[in-house]
1. Whether any residue in segment 106-114 is in contact (Cβ under 8 Å) with a residue 24 or more places away in the chain, open to solvent by less than 10 Å² (accessible area, probe 1.4 Å) and aliphatic (A, V, I, L, M) is what I want to check.
2. Given the conditions (1) assigned to a helix (DSSP H, G or I); (2) of a type outside the set (Lys, Arg); (3) surrounded by 13 or more Cβ atoms within 10 Å (Cβ to Cβ), which single one is not true for PRO42?
3. Can you tell me which of LEU150, LEU145 is within 24 Å of PHE102 (Cβ to Cβ), open to solvent by 50 Å² or more (accessible area, probe 1.4 Å) and either in contact with a His (Cβ under 9 Å, 6 or more places away or on another chain) or not polar (S, T, N, Q) (or both)?
4. Being closer than 24 Å to TYR136 by Cα, touching a Pro at 6+ places or on another chain (Cβ under 7 Å) and not polar (S, T, N, Q) is the requirement here; does PHE111 meet it?
5. Under the condition of being part of a helix (DSSP H, G or I) and open to solvent by 30 Å² or more (accessible area, probe 1.4 Å), which residue from segment 77-96 is nearest to VAL158 (Cα to Cα)?
6. If ARG184 satisfies all but one of (1) among the charged types (D, E, K, R); (2) modelled with pLDDT of 90 or more; (3) more than 18 Å from ALA28 (Cα to Cα), what's the number of the condition it fails?
7. Across segment 16-39, which residue is surrounded by the most Cβ atoms within 10 Å (Cβ to Cβ) among those that are among the polar types (S, T, N, Q) and outside any loop (DSSP other than H, G, I, E, B)?
8. Being in a helix (DSSP H, G or I), closer than 18 Å to LEU176 by Cα and not hydrophobic (A, V, I, L, M, F, W, C) is the filter here, so list the residues in segment 59-76 that pass it.
Amino acid sequence: RRVLFRSRPFMGFTAISTLFALGNSSDAFLILRAQDNGIPTPLIPIVYFAFNGLYSLLSTPAGILSDRIGRRPLLITGYTAFAVAYAGFALADGPVGTVAMFLVYSFFYAFTEGVGRALIADMVPSHLRATAMGSYATATGIALLPTSVLAGALWDSVNDATPFWVGAGFAAAAALLLTLFPPRAALPEIGRAHV
């Protein structure tokens, strides 16, 4: 297992994902923003259903595409979609723009949810995959913990657009880093006795 934590590809991707997680606040803020931007409360579940529906429709094609062109381009696209959506949520001042950003946001989920885990599986030996997945989830989960608290503080102390600008900034930085420092080839298969 020590070999895993000395792996630059795995640790680099985990660090980039953790950076992204620092700007990925709860989706509850999207619902609050939708209310502020004039979407009637009874219609918000319909908008959220449309977001989930498009995400579901895009997930399988995204997985197929990642098998063909690689994981990294889809992850970069997904992070970029998040940055665009969050910037759009910050700028939107009416229902139409807000609904459009929910649909853009679905691309983020479709292009990152399964693809990120597949990339980790590609980068590590088969007998270290469970450890890698758990370590990755721990790192990003710890980063998510203060994110929504910070978003709420910014919402209350500055304005309701600021958390989205912060999230867009973190996502753009993560996309750029993933472009500049792509994960390299998988770790070589090594014997369990050396782990």
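1. yes
2. Status for PRO42: all satisfied but (3).
3. Values: LEU145 fails: within 24 Å of PHE102 (Cβ to Cβ).
Criteria check complete, one pass: LEU150.
4. When the stated conditions are applied, PHE111 does not pass them.
5. Within segment 77-96, the match that is nearest to VAL158 (Cα to Cα) is LEU91.
6. (2)
7. The residue in question is SER17.
8. Residues of segment 59-76 that are in a helix (DSSP H, G or I), as a first pass: 59-69, 71-76.
Now drop any that are not closer than 18 Å to LEU176 by Cα, which leaves 71-76.
ARG71, ARG72, PRO73 - these are the residues of segment 59-76 that are in a helix (DSSP H, G or I), closer than 18 Å to LEU176 by Cα and not hydrophobic (A, V, I, L, M, F, W, C).
The values are calculated or read from the model by the stated rules, or taken from the named source; none is laboratory data. Note that the structure is predicted; figures quoted are calculated from it, not measured. Because the Cβ atoms are built from the backbone with ideal geometry, glycine has one as well, and the counts that use them run over all protein chains shown. What goes into the accessible areas is simple: the full protein's heavy atoms, side chains included, and nothing from ligands, DNA or RNA. Shrake-Rupley method; radii C 1.70, N 1.55, O 1.52, S 1.80 Å.
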